[in-house]
Amino acid sequence: MEQDVESPISTRQPKLPKQAREDIIKQKCTKKKIQRYVRKDGKCNVHHGNVRETYRYLTDIFTTLVDLKWRFNLLIFVMVYTVTWLFFGMIWWLIAYIRGDLDHLQDKSWNPCVDNLNGFVSAFLFSIETETTIGYGYRVITDKCPEGIILLLVQSVLGSIVNAFMVGCMFVKISQPKKRAETLVFSTNAVISMRDGKLCLMFRVGDLRNSHIVEASIRAKLIKSKQTKEGEFIPLNQTDINVGYDTGDDRLFLVSPLIISHEINQHSPFWDVSKAQLPKEDLEIVVILEGMVEATGMTCQARSSYVTSEIQWGHRFTPVLTLEDGFYEVDYNSFHDTYETNTPSCSAKDLAEMLSRADMPLSWSVSSKLNQHPELLNESEEKGLEDQTERNGDVANIENESKV
């Protein structure tokens, strides 16, 4: 049998010219990775470095603890209680040691500070019972120990403060509105298409829960670097994108998914952007949805972003709302789906200029103009027949062009 053996000559790649190789290397180097300012899950892709005033974190220790990750929060929670129990347990043991209670354990006539406290372990257990107000009844403080009574009061007060602080921290950590924001969804892509005869940038938002977001509002910002007229370079400059704050359309009744629309007009940053120019733009659109959680009344904020590769020109969102027997049903399987539609590929500025030229009157009458201005009629009568003939020919040509 014959076997197909690849020849080393056939697998050898042709040697490219030096200029072609340099062009390929330049293309690979210029192709940069898209760097987001806000990730799709809403987290800001910004790290704070060289912060010298770290003491400011300790001035607001409660917020610092709430912002920590769960593993560190639980570790601090356990360590705070353990340290306080060990600290007061050590003090109870020192009181018993200084008073000599540990030397008279078998002496029934001796009045100890704490009954049945025979070592550090028992002192530690008594500290836990005191701070947590368990009260087993086996180890109890006597009325012959004033220093023990004072320590009992101090531990009770400090224990209440520690409980209020740590339990409050855990409660806020559990009930953070960030978890509610995870059920607020944004469409994977934004689209640009025609709506009511105008070019619009649109994206879709929805709420997966049956409990509503009260006083929901939407905002959008364009993140793009710019250079001022004075030559100052501003990285990640933020520009507001009008999504209806002047008409009240930014106030949402978010019961079913809604399509948020931004009209691309002369005040829009996308006024001069066309379909061919859009992929070349280095920009990012950050959308922010805010509102109060109906169950807790806490303010909730959900964020997402769209880069140029996630903006589809000439697409619309697939409808997700259908009318069933007595109710409306939302199909979230089609929440992110889009379909193509006829959309001009030119910019909104060019489109507006074409529409304005199309709206201009295509025909006009010289006689009507002369009737409106009698002085023009008198001037025309004073002129010769040849000029009049030329005018008539011009008018006829204009009227023929208008009819065409």
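The values are calculated or read from the model by the stated rules, or taken from the named source; none is laboratory data. This is a predicted model, so every value here is computed, not measured. Note that each Cβ is placed from the backbone with ideal geometry, even for glycine, and that neighbours are counted across all protein chains shown. For the accessible areas, the whole protein counts, side chains as well, though only heavy atoms, and no ligand, DNA or RNA atoms are used. Shrake-Rupley method; radii C 1.70, N 1.55, O 1.52, S 1.80 Å.
Here are the numbers for this structure:
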read-out: Long-range neighbours under 6 Å by Cβ, at least six apart or interchain, first residue over 19 Å from LEU355 (Cβ atoms) within the range 191-219, second open to solvent by 10 Å² or more (accessible area, probe 1.4 Å) and of a type in the set (S, T, N, Q); value: VAL191/GLN312; VAL191/THR338; MET202/SER261; LEU208/THR183; ARG209/THR183
read-out: Elements of type strands (runs of 3 or more DSSP E) contained in the range 248-349, each with 3 or more residues being touching a residue at least 60 places away in the same chain (Cβ under 8 Å); value: 258-263, 284-293, 299-307, 311-313, 315-317
read-out: Set THR322, THR308, THR318: member being of a type in the set (S, T, N, Q) and touching a Pro at 6+ places or on another chain (Cβ under 8 Å); value: THR308
read-out: Close pairs (8 angstrom Cβ cut-off, 6 or more residues apart or separate chains): farther than 17 Å from ILE98 by Cα in the range 110-128, at pLDDT 90 or above and not hydrophobic (A, V, I, L, M, F, W, C) anywhere; value: LEU125/GLY89; PHE126/GLY89; SER127/GLY89; SER127/GLN155; ILE128/GLY89
read-out: Yes/no for ASN189 being over 17 Å from PHE253 (Cβ atoms), of a type outside the set (A, V, I, L, M, F, W, C) and modelled with pLDDT of 85 or more; value: yes
read-out: Those residues of the range 308-326 which are open to solvent by 80 Å² or more (accessible area, probe 1.4 Å) and at pLDDT 90 or above, in sequence order; value: SER309, ARG316, PRO319, LEU321
read-out: The range 52-66 residues that are under 24 Å from GLN176 (Cβ atoms), paired with ones that are polar (S, T, N, Q) (beta carbon under 9 Å, 6 or more apart); value: TYR57/THR63; TYR57/THR64; LEU58/THR64; LEU65/ASN73; VAL66/ASN73; VAL66/GLN176
read-out: PHE88 vs. criteria touching a helix residue (DSSP H, G or I) at 6+ places or on another chain (Cβ under 8 Å), part of a helix (DSSP H, G or I) and exposed (fewer than 15 other Cβ atoms within 10 Å of the Cβ); value: no
read-out: Which listed residue, of ALA216, ALA181, ALA164, is touching a strand residue (DSSP E or B) at 6+ places or on another chain (Cβ under 8 Å) and at pLDDT 90 or above; value: ALA216
